[in-house]
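K.L.:
First the structure, which I've put down as structure tokens, then a few questions once you've had a look.
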Amino acid sequence: MPHLTPKLLLGASALLLSVTGAHAAEYEWTFQASETAGEPSFKVKQEWAERIGTMTDGRVQIELLPINAVVGPTETLQAVSSGILQGHMTDPSYFSGQNPAFGMLGNLVGAWSDPYDFLEFMKQGGGEELYNELAEPYGSHLIGAATFPLESVPSTVPIESLEDFEGLKIRAPQGMVYNIFERIGATPVNLPGSEVYTGLEKGVIDAADSTVLSNNDAQGLHAFAPYPLYPGFHSMPMIAVSINKETWDSLPAELQTTLETAFDAMAYDLIARLKEQDIETLAKLREDPEVHPFDLPAEERKKFRQAAEKEWKEWAGRNEMTQKVYDAATGFLEARGQL
């Protein structure tokens, strides 16, 4: 057996610590997202979940699962509270049935023309604090808010004005966006995002409120819906990166700070990467003679915004939290000349 010098012994010990440390996470969590595994946005989220392991020197390991992997999208809040999941990265609008304020914070439809304005509201305008005031009684703590660029509308028929929404069967989740589409004459159909593809394929719906252009294209939606509205104008849902409240409270301060810093960075990275992918997707679609992207004119966007503002006011009166969300968001927009 060869003689081991002190230098070799030190190197062997370091290697052993490195190998064992890689498998000795103090915290092993399962989070669920609101996208399918094949969507570009899911892959970005997954990269950041995995990056947490590196940033915490292996102390925290997060496994991110796609939509419906453990529970349905409307059930993740309860699953996080009860510990079935340790966290989620999802649209709070799914929880509007528990409190309509989740719907207003999750997707104040028509409010935001730029995703960075929304992040400014959440991170510097009091939105994240307001969300935790809402969510923490449900056993969930918001680590950080993220969002997508404005969503596209894949459609089987041309939409060139708000009048073209009249009678249009459009997929929309229950809540504010559903109600606003009703206001402009559409016939909303409440389908989960996982059923948009088959709904368009089989003619159950004519169009869909369904994520960003590149995500839609990755799912193959434009094979059945060759008239996408882009850039989007209506919906820009929040992504609540949340964790079980008791778990959060038990974490050391340095891990809390690392998680907040990491997911704030993810929010900006997600927007930039999806915007770039949308631009590439748009260029590809414009070369396809079967697909016809369309940008809704400014005057039609204004009409939609006016309909949306009426719906915001109706929701504001539902309870104390909805009024707080309305006052905070409209105050933020008014101060910047955006309302």
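The values are calculated or read from the model by the stated rules, or taken from the named source; none is laboratory data. These figures come from a predicted structure and were not determined experimentally. A quick note on method: Cβ atoms are made from the backbone with ideal geometry, for glycine too, and the neighbour counts reach across all protein chains shown. Calculation scope for accessible area: heavy atoms of the full protein, side chains included, ligands and nucleic acids excluded. Shrake-Rupley method; radii C 1.70, N 1.55, O 1.52, S 1.80 Å.
K.L.:
So in the chain, what percent of DSSP beta bridges are antiparallel if you round to the nearest 5?
P.N.:
In the chain, DSSP labels about 45 percent of beta bridges as antiparallel.
K.L.:
With Rg and the Kirkwood Rh both taken from Cα atoms, where does Rg over Rh land for the range 26-68? Mind showing how you got there, number by number?
P.N.:
Numbers: Rg = 10.6 Å, Rh = 10.5 Å.
Taking Rg over the Kirkwood Rh, I get 1.01.
K.L.:
Continuing with this model, one more query. Over 21 Å between Cα atoms, which of Lys45/Lys123; Lys245/Lys275; Lys275/Lys310 qualify?
P.N.:
Correct reply: Lys245/Lys275; Lys275/Lys310.
K.L.:
Let me ask something else about it. Could you report the accessible area of His222 in Å², rounded to 10, computed with a 1.4 Å probe on the protein chains as they sit in the structure?
P.N.:
Looks like 10 Å² after rounding.
K.L.:
Compute the label zone of Glu246 within the range 75-101: residues whose backbone N is under 19 Å from the point 7 Å along Cα-to-Cβ.
P.N.:
Once the point is set 7 Å along Cα→Cβ of Glu246, 76-88 turn out to lie under 19 Å by backbone N, inside the range 75-101.
K.L.:
How much accessible area per residue does the chain have, in Å², with a 1.4 Å probe?
P.N.:
Ligands and nucleic acids excluded, the figure is 44 Å² per residue.
K.L.:
Now for a separate question. Provide the three semi-axes, in whole Å and in decreasing order, of the ellipsoid equivalent to the chain as defined by the square roots of 5 times the Cα gyration tensor eigenvalues.
P.N.:
They are 39, 24, 17 Å, listed from largest to smallest.
K.L.:
Can you compute the modelled spin-label distance between Thr261 and Glu120, with each label point 7 Å from Cα toward Cβ, in nm?
P.N.:
Using points 7 Å along Cα→Cβ, the separation is 2.5 nm.
K.L.:
If you don't mind, there's one more thing I want to ask. Place a label point 7 angstrom from the Cα of Lys302 along the Cα-to-Cβ direction, then list the residues of the range 147-176 whose backbone nitrogen is under 16 Å away.
P.N.:
Residues 161-163 qualify, since their backbone N sits under 16 Å from the label point.
K.L.:
What percentage of the solvent-accessible surface of the chain, computed with a 1.4 Å probe over protein heavy atoms, is contributed by carbon and sulfur atoms?
P.N.:
Roughly 51 percent of what the probe reaches on the chain is carbon or sulfur.
K.L.:
Moving on. Could you give P(r) for the range 42-100, binned at 10 Å from zero, as whole percent values over all Cα-Cα pairs?
P.N.:
21, 46, 27, 5
K.L.:
Once the mean 1/r over all distinct Cα pairs of the range 241-339 is inverted, what Kirkwood radius in angstroms do you read off?
P.N.:
Radius from the Kirkwood sum: 18.2 Å.
K.L.:
Per the Kirkwood definition applied to all pairs of different Cα atoms, how many angstroms is the hydrodynamic radius of the range 39-158?
P.N.:
Across the range 39-158, the inverse of the average 1/r is 15.9 Å.
K.L.:
Counting pairs of Cα atoms in the range 219-263, how many percent are more than 16 Å apart? Don't jump to the answer; show the numbers that get you there.
P.N.:
Working: 621 of 990 pairs.
That fraction is 63 percent.
K.L.:
Rounded, prolate or oblate: pick one for the range 120-228, where a ≥ b ≥ c are the square roots of the eigenvalues of its C-alpha gyration tensor, a/c under 1.5 means rounded, and failing that, prolate if a/b is larger than b/c, else oblate.
P.N.:
Prolate shape, in that a/c is at least 1.5 and a/b is the bigger ratio.
K.L.:
In nm, give the distance between the simple-model label positions of Ser161 and Glu287, each being 7 Å from the Cα along the Cα-to-Cβ direction.
P.N.:
Spacing of the two 7 Å Cα→Cβ label points: 3.5 nm.
K.L.:
Continuing with this model, one more query. Compute the distance in nm between two label points, each set 7 Å from the Cα along the Cα-to-Cβ direction, one at Leu339 and one at Glu280.
P.N.:
Going from the Leu339 label point to the Glu280 one covers 3.8 nm.
K.L.:
Could I ask something else about it? In whole angstrom, note down how far apart the Cα centers of the range 127-160 and the range 30-66 are.
P.N.:
Each part's Cα centre sits 18 Å from the other's.
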